[in-house]
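Read-outs throughout are calculated quantities, based only on the coordinates presented, and are distinct from any laboratory measurement. Keep in mind the model is a prediction, meaning the values are calculated, not measured. All Cβ positions, glycine included, derive from the backbone under ideal geometry; neighbour counts span all protein chains shown.
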Amino acid sequence: MLGQAQSPLVSGDRAGKLLRHRWLAFLTGGLIAGSVVPALFVALAASLLDVTGVPMEIRSSALLGALLVFLAFDVAAARRGGPSWLGFSRQTPARFGHTFRRADNTALVWGLDIGTGVSTFRMTSATWLGLAAVFLGLVPALVSLFYGIGLAVILVVYILRKGDSPVLESLPRHILVLHGLQKLYIIVTAALALVLAVTVIA
């Protein structure tokens, strides 16, 4: 996900702290923008196809079908003890840290890549489920903004807590060990599927 930090994250002087905050600001901006853009494209596609003109019952049934497929991937991932096979099985390339001359440009690209939620691996299908719900007009595209802010807060807090280490490539390993959250997500998603099924049947 994140490679070698090309930034003064461990500098103690004032200039270093300013650069550190700038680096984190670009990372945060990239994460939020990367989260919002896919949802906007999906919402635009749905608008062009007039998806909201389809009866609510059909759209709810479609989301239920997608949710059950995603849930199968999530259960398989939890049993395997790894990330979901949905999407691309890749991390944000560490080479980005050497591609750009400015560290903040690197942070921005890292953030954009991670923020999309579909261009790199994920532990759950949450991003895909959210995009499906946006496409079907069941939730507003604005929900992606809250997703991006939440993701940014989690990663920035992690980086600030880790502060004394110049290497951030261990970040995905720390996130991957949170299999308890993966299982919790499966429980919540299964409950949502049940509620949707009852709604559709009723």
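Odds and ends about this structure:
- Protection-proxy order for peptides 29-39, 116-126, each taking the mean of Cβ atoms within 10 Å per residue, highest first: 29-39, 116-126
- Listed peptides 58-64, 104-110 by packing density, highest first (mean Cβ within 10 Å): 104-110, 58-64
- Estimated distance in nm for a label pair at Leu181 and Glu57, the labels positioned 7 Å out from Cα along Cα-to-Cβ: 3.9 nm
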